[in-house]
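Below is one structure; the comments refer to it alone.
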Amino acid sequence: MSKGLIHHVELYVSDLKRSIDFWGWFLEKIGYCTFQEWENGQSWKLGETYIVFVQAEERFLDVPYHRSRVGLNHIAFHADSRQQVDEITNSLQDKGVHILYTDKHPFAGGNDYYAVFFEDPDRIKVELVAPQHE
């Protein structure tokens, strides 16, 4: 029963290699596997859903991404547990990834919302959220 579920998400990125390094590590940690690879892109898949990263053409790189403009604000993923959120948070910090809302972490989404919010190399906001009833 996949009716209505997201089939795939495609993101254009400013530096494909940098995005592959960042996203590949994260997606594989949460259960995705490499799905497709080609000169200007790569994707990872989990179940019937896949995420695609494509190198943006040079002529479109003049205006950088910002989540407050029209378009994608952020992408959120389910974590297995609070422990997984903590493990990913520690790994992100070790990698020097910009963690958002550190003053409220891990409850930046509210008292019953355990998550880490961070930015990818293009400053796209990413969220990993633990199950609500843990």
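Structure notes:
- Relative contact order (percent, whole number), the chain, Cα cutoff 8 Å, 6+ residue spacing: 23
- The chain: Rg to Rh, with Rh as the Kirkwood radius over Cα pairs: 0.96
- Computed lengthening from E58 to K104, 0.36 nm per intervening residue step minus Cα-Cα distance: 12.8 nm
- Electrostatic dipole magnitude of the chain [Cβ: Lys, Arg +1; Asp, Glu -1; Cα centre; debye, to 20]: 280
- Summed side-chain charge close to N90 - residues other than N90 whose Cβ falls under 14 Å, Lys, Arg +1, Asp, Glu -1: 0
- Of H74, V9, S19, farthest towards positive along the dipole that unit charges on Lys, Arg, Asp, Glu beta carbons give region 1-74: H74
- Top of E39, E87, E119 by mean-square fluctuation, Gaussian network on the chain, Cα under 10 Å: E39
- Cα-based reach from K29 at 12 Å (exclusive), listing aspartates and glutamates while leaving out same-chain residues under 8 positions away: D80, E87
- Straight-distance crosslink candidates among aspartates and glutamates, where the alpha carbon sits under 13 Å from K104 and sequence neighbours closer than 8 are dropped: D112
- Percent accessible area from carbon and sulfur atoms, the chain, protein chains only, probe 1.4 Å: 50
- Cβ-Cβ distance of R69 and T49, R₀ of 25 Å, FRET efficiency by 1/(1 + (r/R0)^6): the value works out to about 0.50.
- Per residue value of the accessible surface for the chain (all protein chains in place, 1.4 Å probe), Å²: 63
The values are calculated or read from the model by the stated rules, or taken from the named source; none is laboratory data. Source: prediction; values computed, not measured. Ideal geometry is used to build each Cβ from the backbone, glycine not excepted, and the neighbour counts take in all protein chains shown. Note: accessible area is taken over every heavy atom of the protein model, side chains too, but ligands, DNA and RNA are not part of it. Shrake-Rupley method; radii C 1.70, N 1.55, O 1.52, S 1.80 Å.
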